[in-house]
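> Can you read through this structure? Questions will come right after.
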Amino acid sequence: MVIETAQQLADAALAVPLQRATTAMLSKQGIELWVRRDDLLDSQLSGNKFYKLFFNLQAARSQGFSQVLSFGGAYSNHLHALAAAAHRYRINAIGVIRGERPAHLSATLMDAEAWGMKLVFVSRAEYDRKTEADWLTDMQACYGPSYLIPEGGANLAGARGVQLLGHALEQQTQGDYAAVCIPVGTGTSLAGLAAGVDRQKPVIGFSVLKGAGDLGANIATCYRELVSAESYFADNWRLISGFHGGGYAKKPSASLFEFWRGFERSTGIPLDPVYTIKMLWGISSLAQQGYWPRGSRLIAIHTGGLQGRRGFNCP
Ligand SMILES: *Cc1c(COP(=O)(O)O)cnc(C)c1O
């Protein structure tokens, strides 16, 4: 079924299964972990990216655009999902990619091109200008009027989509959990999730970036915009930065790789190399340190990204 309305997306989110993940260490610490399998949301539009794109694509249409333009790297889950969505919703898509066109495209970009996305390769210096108004005007003069989606789908419309995921989780669990965890790149999903679940529930984001920069401030701004219409008590989100494993898309250390293999073997749940692996490593490490009381029931959001396993050394 093609999801056309917010209600249909909410219904699809309610149908996403929660899967118990048991490992020897979690059992020993008395922690009950459930993984919400948003990677199974859709075969092509998996994980958090579809939630982040949904209201952006609606806005593009309602504002009369027949084309969207966004940005990313050669393995970008965001561009992959955008290309799939643009194909499905019959809208043109331009993907602006950092660096020269390589002789061999990544599997990610091959899919994107096959779905009809036009790939535009720009120098690193140009790519760094991607938020400048002048440059964006030039791009549109070159490639046609386009609805712009920031890198990673990082805007308020993106967070609104993930808020629906939070509502669905609350309904599914009836609030019977201690905390919910999610990996963090731009933090858009963390902000949306925290605004979507019960405001008393701790939502913990595990950053995959080495330097936090403006991350916390951006999340705070986005979160407050989402909740300001409602009553605002206090932030229910928290950002943990100690489990980036060397930084974005870095080859995992031998011990992280061992953890990855062990987790997949014990639970049967595949993880992606950039995001979900680090969240689960973080959750497990904190559990081992006694961060959560025995008997705690935790939820981890599987944000997808499994397409990124191709071309990566995986267990
Ligand atoms: C993009 C992505 C994230 C990060 O989402 P943000 O909203 O940018 O924080 C997490 N997990 C996966 C698998 C992703 O592709």
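The values are calculated or read from the model by the stated rules, or taken from the named source; none is laboratory data. None of these values were measured; they are calculated from a predicted model. Counting neighbours? That spans all protein chains shown, and the Cβs are built from the backbone with ideal geometry, glycine included. With ligands, DNA and RNA removed, areas are computed over all heavy atoms of the protein, side chains included. Shrake-Rupley method; radii C 1.70, N 1.55, O 1.52, S 1.80 Å.
> Taking into account only those residues within segment 266-281 that are open to solvent by 10 Å² or more (accessible area, probe 1.4 Å) and near the ligand (Cβ under 9 Å from one of its atoms), which is nearest to Arg310 (Cα to Cα)?
Residue satisfying both the conditions and the ranking: Val274.
> Looking at (1) outside any helix (DSSP H, G or I); (2) over 23 Å from Gly282 (Cβ atoms); (3) open to solvent by 50 Å² or more (accessible area, probe 1.4 Å), which is the one condition that is false for Gly213?
Against the list (1) outside any helix (DSSP H, G or I); (2) over 23 Å from Gly282 (Cβ atoms); (3) open to solvent by 50 Å² or more (accessible area, probe 1.4 Å), Gly213 comes up short only on (2).
> Here's another thing I want to ask about it. Do the conditions hold for Gly262, that is, is it within 15 Å of the ligand (Cβ to nearest atom) and either in contact with a helix residue (DSSP H, G or I) (Cβ under 6 Å, 6 or more places away or on another chain) or assigned to a helix (DSSP H, G or I) (or both)? Spell out how you get there, then give the answer.
On the way: within 15 Å of the ligand (Cβ to nearest atom): no; either in contact with a helix residue (DSSP H, G or I) (Cβ under 6 Å, 6 or more places away or on another chain) or assigned to a helix (DSSP H, G or I) (or both): yes.
Spelling it out, it is not the case that Gly262 is within 15 Å of the ligand (Cβ to nearest atom) and either in contact with a helix residue (DSSP H, G or I) (Cβ under 6 Å, 6 or more places away or on another chain) or assigned to a helix (DSSP H, G or I) (or both).
> Looking at segment 39-55, which of its residues are among the polar types (S, T, N, Q) and away from the ligand (no atom under 13 Å from the Cβ)?
If the condition is that a residue be among the polar types (S, T, N, Q) and away from the ligand (no atom under 13 Å from the Cβ), then Ser43, Gln44 are the ones that fit.
Residue-wise test of (1) under 25 Å from Gly311 (Cα atoms); (2) in the same structural domain as Gly192 (by TED's automatic domain parsing); (3) over 22 Å from the mean Cα position of the chain (by Cα).
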{"residue": "Arg61", "(1), (2), (3)": "no, no, yes"}
{"residue": "Ala103", "(1), (2), (3)": "yes, no, yes"}
{"residue": "Ala114", "(1), (2), (3)": "yes, no, yes"}
{"residue": "Tyr127", "(1), (2), (3)": "yes, no, no"}
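> Could you name every one of the helices (runs of 4 or more DSSP H) located completely within segment 111-205 that has at least 3 residues being open to solvent by 20 Å² or more (accessible area, probe 1.4 Å) and within 16 Å of the ligand (Cβ to nearest atom)?
Values: elements: 124-127, 133-143, 156-173, 188-196.
It comes to 156-173.
> Would you be able to say whether some residue in segment 100-107 is surrounded by 24 or more Cβ atoms within 10 Å (Cβ to Cβ) and among the aliphatic types (A, V, I, L, M)?
Within segment 100-107, the subset surrounded by 24 or more Cβ atoms within 10 Å (Cβ to Cβ) is none.
No; the residues of segment 100-107 include none that is surrounded by 24 or more Cβ atoms within 10 Å (Cβ to Cβ) and among the aliphatic types (A, V, I, L, M).
> May I ask you to verify whether Lys251 is touching a residue at least 24 places away in the same chain (Cβ under 8 Å), outside any loop (DSSP other than H, G, I, E, B) and either away from the ligand (no atom under 12 Å from the Cβ) or not acidic (Asp, Glu) (or both)? Step through it out loud before you land on a result.
Values: touching a residue at least 24 places away in the same chain (Cβ under 8 Å): yes; outside any loop (DSSP other than H, G, I, E, B): no; either away from the ligand (no atom under 12 Å from the Cβ) or not acidic (Asp, Glu) (or both): yes.
No, not satisfied.
> Can we say Phe55 is in a helix (DSSP H, G or I) and either more than 29 Å from Arg297 (Cβ to Cβ) or open to solvent by 10 Å² or more (accessible area, probe 1.4 Å) (or both)?
Taking the combined requirement at face value, the residue satisfies it.
> Within the bounds of segment 23-38, is there any residue that is out of contact with any helix residue (DSSP H, G or I) (no Cβ under 9 Å at 6 or more places or on another chain) and within 13 Å of the ligand (Cβ to nearest atom)?
Yes, segment 23-38 contains at least one residue that is out of contact with any helix residue (DSSP H, G or I) (no Cβ under 9 Å at 6 or more places or on another chain) and within 13 Å of the ligand (Cβ to nearest atom).
> Among the residues of segment 12-45, which ones are of a type in the set (S, T, N, Q), under 27 Å from Trp115 (Cβ atoms) and without any contact (Cβ under 8 Å) to a residue 12 or more places away in the chain? Break it down stepwise before answering.
If we filter segment 12-45 for residues that are of a type in the set (S, T, N, Q), which is where we start, we get 19, 22-23, 27, 29, 43-44.
Subset that is under 27 Å from Trp115 (Cβ atoms): 43-44.
Scanning segment 12-45 gives a single hit, Ser43.
> Looking at segment 68-79, is at least one residue free of Cβ contacts under 8 Å to residues at least 60 places away in the same chain and among the β-branched types (Val, Ile, Thr)?
There is no residue in segment 68-79 that is free of Cβ contacts under 8 Å to residues at least 60 places away in the same chain and among the β-branched types (Val, Ile, Thr).
> Can you find even one residue in segment 23-33 that is modelled with pLDDT of 95 or more, charged (D, E, K, R) and open to solvent by 20 Å² or more (accessible area, probe 1.4 Å)? Write out each step before concluding.
We begin by selecting, within segment 23-33, every residue modelled with pLDDT of 95 or more; these are 23-33.
Next, only the ones that are charged (D, E, K, R) stay: 28, 32.
Of the ones still in play, those that are also open to solvent by 20 Å² or more (accessible area, probe 1.4 Å) are 28, 32.
Checked segment 23-33: at least one residue is modelled with pLDDT of 95 or more, charged (D, E, K, R) and open to solvent by 20 Å² or more (accessible area, probe 1.4 Å).
> For segment 292-315, which residues satisfy the criterion of being aliphatic (A, V, I, L, M) and either open to solvent by less than 30 Å² (accessible area, probe 1.4 Å) or part of a strand (DSSP E or B) (or both)? Steps first, please.
Just the residues of segment 292-315 that are aliphatic (A, V, I, L, M), to begin with: 298-301, 306.
Across segment 292-315, the qualifying residues are Leu298, Ile299, Ala300, Ile301.
> For segment 282-315, which positions are within 14 Å of the ligand (Cβ to nearest atom) and among the aromatic types (Phe, Trp, Tyr)?
The one that is within 14 Å of the ligand (Cβ to nearest atom) and among the aromatic types (Phe, Trp, Tyr): Phe312.
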